[in-house]
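Following: one structure in structure tokens, then a few remarks.
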């Protein structure tokens with residue numbers, strides 16, 4: 001680490017902050033009156049319903065079910081997917097195996113060299129946020145970083161009990177107790193861009209389709 | 001690359017005003033962005049509170065920037081990140097070039113980073129023999145076109161789809177099409193193998209959390225995730241002002257940034273990266289290097305009015321709201337950072353020698369201040385800079401004119417005489433050709449209000 | 001209620017009917033209006049161009065003159081000039097003598113429509129004017145003084161006038177003081193957006209609270225041969 005630069009920058013910061021002190025004392029915050037913005041109060045509804053509504057509003061697909069295998073069966077059949085990458089969560093393999101689908105290639109958390117071959121990536125999500133329709137993928141719990149990103153379709157299974165109401169609550173839960181994992185990803189719908197004339201296009205570098213299966217208790 | 005210079009802002013603006021395609025593209029983009037931002041803000045009942053909170057957090061950070069930076073560094077290092085400090089652009093580029101050389105890298109993929117545009121990193125890497133691939137669609141487009149970005153968050157917004165289509169046909173051999181989905185898909189396919197082949201991924205940083213040593217990046221496309229998870233080496237470049245105190249503060253900033261920038265509740269992806277992977281077999285880069293760039297930022301701490309420049313979270317809302325930007329676009333400013341925020345930070349980062357026009361290129365309407373999620377008082381900053389510029393670099397003629405003006409205003413007699421003189425002069429001399437070229441000018445009243453008083 | 005009129009140098013020199021109308025309206029609603037002949041300018045042109053040292057003495061003079069008045073309020077037919085006076089405390093930050101004096105004067109100074117509606121609580125000044133009108137929000141009045149519904153309320157009470165809200169009423173007209181002559185092409189380009197909106201609104205008149213905006217807008221309307229006239233709020237309100 002370059003100590004000279006570090007020292008120089010920190011010194012520069014301290015010196016300039018000190019120079020500011022006499023002016024700081026004179027600051028009268030300007031009373032620019034802010035317009036009052038009225039807004040809609042969200043309806044009371046279940047976390048699952050809110051999540052579904054918000055995910056669908058960003059072009060994600062949401063399936064609420066007690067039978068994950070059945071949901072996977074339908075999705076994969078519809079997609080006619082042949083090469084499937086799954087995470088190292090044993091539940092995923094179990095659910096997929098139970099579908100009885102004919103799959104040409106199955107990869108378990110394929111690495112960077114291989115991941116580009118696959119049509120679909122299936123993972124779980126460690127949590128979800130109802131107010132935004134967001135999935136939380138925590139890399140410490142599962143190997144899913146590439147398969148939730150590279151294949152054109154991502155299917156994520158999240159337990160209904162892991163859907164939290166707000167962003168704030170979710171951030172707080174991520175932090176409580178444990179060390180943050182090296183890579184946490186929030187996913188809200190399929191990838192998109194509006195870089196060309198602000199016209200929305202779905203499916204850029206990340207997946208073009210996102211399916212979220214919410215697993216309800218039986 | 002032919003960068004326009006801020007020194008020729010007036011001429012740049014004139015050329016922009018004559019470019020009908022550009023003006024059409026700008027009108028479309030800025031009004032859509034503006035409408036979306038407005039709706040998104042209106043959907044949060046506590047929008048104004050959030051702005052105040054965000055500003056309070058930033059004020060706290062900036063007033064103690066050294067301590068928060070040191071905390072961020074120690075937390076990040078404890079988790080495997082390597083930290084580099086760069087006093088200026090040249091030092092930043094040298095550090096990054098050295099890192100890539102040490103690892104015999106050949107291909108670099110980049111996700112959008114205004115900070116690396118500021119240092120002209122791509123030029124330095126290419127001079128060192130590396131292939132640099134911009135992966136954000138807008139950045140990819142301008143890279144093909146060999147142009148600088150014209151907007152902080154949508155770099156190619158000055159281009160029509162027709163222009164982009166022509167570009168793709170010329171540079172990529174794509175059959176001509178106006179279909180935005182096809183254009184996007186071409187970019188996706190073309191860039192996929194670059195991601196796979198890249199040795200190094202270079203990203204920016206939206207927020208750096210002091211408490212946990214986490215860097216946070218937000219995006220819609222997925223290219224940041226690819227850039228920061230496929231290559232073996234990830235270099236994250238950030239201005240020193242990007243640090244925020246606590247992980248929980250993200251609740252405030254993640255509500256403000258997407259809404260202010262694109263009118264979204266949340267962008268598609270947020271990546272929270274805390275150090276390097278824990279086990280060798282884990283996915284992700286082997287190395288994480290974080291570069292902290294000063295390049296003139298620490299100087300801005302020296303006065304409360306200028307210090308607020310560093311609160312900027314690079315949302316671009318001020319650009320979309322600015323009547324000047326709406327007319328002339330980003331390139332005219334001749335700076336990496338255009339629009340209202342550009343007009344105030346460019347002179348501070350680069351010095352006023354060549355950037356002195358920028359703080360004057362504003363009607364001081366205040367629309368920028370109204371939309372800024374962190375309540376930067378840009379008009380006040382503009383006035384502050386105008387004060388500095390008139391002191392250090394002002395035109396002697398203008399100074400004399402205002403001294404004369406001051407004398408006139410101090411004396412009712414002289415004031416009255418000046419209007420008599422004005423009435424005479426206006427008949428003989430076109431007092432303000434700059435005005436009358438486009439607008440009629442009312443004649444000075446034959447009798448002033450002072451003359452008319454008392455009024456029955 | 002006794003009012004000290006701060007007529008502004010622009011109205012004084014270039015548009016006296018605004019001053020005359022303001023007096024008329026204030027008297028009609030029961031105010032006694034005094035006018036201190038010593039007044040010249042609030043120092044805005046120098047302040048906005050960065051010449052603070054040249055602005056300060058002019059501001060001090062303003063303060064000294066108006067301090068001597070025993071009027072209840074200082075009222076001005078200009079949002080930008082009123083906003084300038086409200087900024088006086090910034091100009092004298094740290095000055096133990098002038099800061100409190102600046103604050104006192106700033107607190108007493110009001111833009112006309114704001115004074116009528118917020119201070120006097122009057123919405124109907126007994127005016128009448130036949131035709132469709134629209135309102136242009138002058139930037140400083142809107143954003144520094146939060147004047148938005150007051151002029152609209154006053155206009156809605158003008159008998160015979162039909163108020164039309166135009167698109168982008170709150171977007172700048174492009175004047176910006178010296179900006180209008182330092183960057184005239186940009187100023188006119190911004191102005192043309194405003195002119196388009198005015199034309200789309202299909203009105204006979206566009207009303208605003210700042211002579212500077214009216215000069216900018218009026219100057220372009222007449223150059224383009226438009227039939228739409230510009231009026232200051234005071235002129236509209238003084239109409240019977």
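The values are calculated or read from the model by the stated rules, or taken from the named source; none is laboratory data. Just so we're clear, the structure is a prediction, and the values are computed from it rather than from any experiment. Neighbour counts are summed over all protein chains in view; Cβ atoms, including those assigned to glycine, are modelled from backbone coordinates with ideal geometry.
Taking residue C:55 as the residue in question, decide whether it is without any contact (Cβ under 8 Å) to a residue 24 or more places away in the chain, assigned to a helix (DSSP H, G or I), crowded, with 20+ Cβ neighbours inside 10 Å and at the interface with chain B (Cβ under 9 Å from one of its Cβ atoms).
no
Kindly list, by first and then second residue, each pair from a residue in the range B:199-214 that is in the same structural domain as residue B:104 (by TED's automatic domain parsing) and more than 15 Å from residue B:226 (Cα to Cα) to a residue that is modelled with pLDDT under 95 and outside any loop (DSSP other than H, G, I, E, B), limited to pairs with Cβ atoms under 8 Å and residues at least 6 apart or on different chains.
Between residues of the range B:199-214 that are in the same structural domain as residue B:104 (by TED's automatic domain parsing) and more than 15 Å from residue B:226 (Cα to Cα) and residues that are modelled with pLDDT under 95 and outside any loop (DSSP other than H, G, I, E, B), the close pairs are B:212/A:175.
Could you tell me which of the residues B:67, B:37, B:106 is more than 10 Å from chain A (Cβ to nearest Cβ) and out of contact with any helix residue (DSSP H, G or I) (no Cβ under 7 Å at 6 or more places or on another chain)?
Working: B:67 fails: more than 10 Å from chain A (Cβ to nearest Cβ); B:37 fails: out of contact with any helix residue (DSSP H, G or I) (no Cβ under 7 Å at 6 or more places or on another chain).
Just one listed residue meets the conditions, B:106.
Count, please, the residues in the range B:413-433 that happen to be surrounded by fewer than 17 Cβ atoms within 10 Å (Cβ to Cβ) and at the interface with chain C (Cβ under 8 Å from one of its Cβ atoms).
Matching residues across the range B:413-433 total 2.
Look through the range A:183-202, keep the residues that are over 15 Å from the mean Cα position of the chain (by Cα) and part of a loop (DSSP other than H, G, I, E, B), and return whichever of them is surrounded by the fewest Cβ atoms within 10 Å (Cβ to Cβ).
Out of the qualifying residues, it is A:200.
For the range B:10-38, give me each residue that is free of Cβ contacts under 8 Å to residues at least 40 places away in the same chain and over 13 Å from residue B:321 (Cβ atoms).
Listed by number, the residues that qualify are B:11, B:14, B:18, B:19, B:20, B:28.
Residue B:248 passes all but one of (1) touching a strand residue (DSSP E or B) at 6+ places or on another chain (Cβ under 9 Å); (2) at the interface with chain A (Cβ under 9 Å from one of its Cβ atoms); which number fails?
The number of the failed condition is (1).
Taking the condition within 17 Å of the chain's Cα centre (by Cα), farther than 22 Å from residue B:194 by Cα, part of a loop (DSSP other than H, G, I, E, B) and touching a residue at least 60 places away in the same chain (Cβ under 8 Å), does residue A:132 pass?
yes
Taking residue B:118 as the residue in question, decide whether it is free of Cβ contacts under 8 Å to residues at least 12 places away in the same chain, more than 10 Å from chain A (Cβ to nearest Cβ) and either surrounded by 24 or more Cβ atoms within 10 Å (Cβ to Cβ) or not in a strand (DSSP E or B) (or both).
Taking the combined requirement at face value, the residue does not satisfy it.
Find the residue count for the range A:143-168, including only residues that are in contact (Cβ under 8 Å) with a residue 40 or more places away in the chain and either over 29 Å from residue B:196 (Cα atoms) or more than 14 Å from chain B (Cβ to nearest Cβ) (or both).
Residues flagged as in contact (Cβ under 8 Å) with a residue 40 or more places away in the chain and either over 29 Å from residue B:196 (Cα atoms) or more than 14 Å from chain B (Cβ to nearest Cβ) (or both) within the range A:143-168 amount to 9.
Have a look at B:314, B:299 and point out the one that is more than 13 Å from chain C (Cβ to nearest Cβ) and more than 15 Å from the chain's Cα centre (by Cα).
The conditions single out B:299.
Are there any pairs, at least 6 apart or on different chains, whose C-beta atoms fall under 7 Å, with the first in the range A:18-34 and more than 9 Å from chain C (Cβ to nearest Cβ) and closer than 17 Å to residue B:64 by Cβ and the second at pLDDT 90 or above and surrounded by 11 or more Cβ atoms within 10 Å (Cβ to Cβ), and if so, which?
A:19/B:302; A:20/B:301; A:20/B:302; A:20/B:303; A:20/B:304; A:20/B:307; A:24/B:304
Looking at B:380, B:386, B:439 in this structure, which one is buried (at least 19 other Cβ atoms within 10 Å of the Cβ), within 7 Å of chain C (Cβ to nearest Cβ) and either in contact (Cβ under 8 Å) with a residue 40 or more places away in the chain or part of a loop (DSSP other than H, G, I, E, B) (or both)?
Being buried (at least 19 other Cβ atoms within 10 Å of the Cβ), within 7 Å of chain C (Cβ to nearest Cβ) and either in contact (Cβ under 8 Å) with a residue 40 or more places away in the chain or part of a loop (DSSP other than H, G, I, E, B) (or both) holds for just one of B:380, B:386, B:439, which is B:439.
Sort out for me the helices (runs of 4 or more DSSP H) sitting completely within the range C:147-213 that have 3 or more residues that are away from every other protein chain (no Cβ under 13 Å).
The helices (runs of 4 or more DSSP H) meeting that bar are C:149-156, C:184-201.
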